[in-house]
Amino acid sequence: MIIKRLSLLLFGILFVVVSFLMLTSSPPELASRIGFMDKIGHAGAFFILSLLLAVALGRGKGRKLKYILAAAALLALYGILIEYIQQFTGRSPEAGDLIADLIGIALGSFAALFFL
């Protein structure tokens, strides 16, 4: 039970941080200086978000694949929404960012199979 609550707390904190970084009018300077660092950041953040959310939703329950897929679907929608909203913040949506998000979600979902 403690792992589930800790996962949910960490997910919430990371969700707020990721939302802030992706919706600020200018991305962090380091990410713009190093070519693929932006994509690695997207994939890494969504990997961790996916893993934490799947653990928070499904830890200790049967049918773990159902919870992993639910977490993946919610985060995919979140990634799409973030890219859409970015056009209203002075940034432009990028298909590459969404692809990196989806790769991170897929890898995090696969990792969650071992934690549930």
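Numerical summary
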{"item": "Anisotropy class of the stretch 61-104 from Cα gyration tensor, a/c 1.5 cut", "result": "prolate"}
{"item": "Theoretical ellipticity at 222 nm over the chain - DSSP helices of four or more residues, -39500 (n - 2.57) apiece, nearest 500", "result": "-26500 deg cm²/dmol"}
{"item": "Label of the coordinate-derived value, P(r) over Cα pairs in 5 Å bins from 0, in percent, listed as [x] 2, 13, 22, 24, 17, 11, 7, 3, 1, 0; [y] 2, 14, 26, 25, 20, 9, 3, 0; [z] 2, 11, 20, 17, 12, 8, 6, 6, 7, 5, 3, 1, 0", "result": "[x]"}
{"item": "Relative packing of peptides 76-88, 47-59, 100-112 - highest average C-beta neighbours within 10 Å first", "result": "47-59, 100-112, 76-88"}
{"item": "Chain lengthening between Leu9 and Ser92 when straightened (0.36 nm per residue, less Cα-Cα)", "result": "26.9 nm"}
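No value in this document is a laboratory result; all are computed from the given coordinates. Here the structure is a predicted model, which means the values were calculated and not measured. Here the Cβ is made from the backbone with ideal geometry for all residues, glycine too, and neighbour counts use every protein chain on show.
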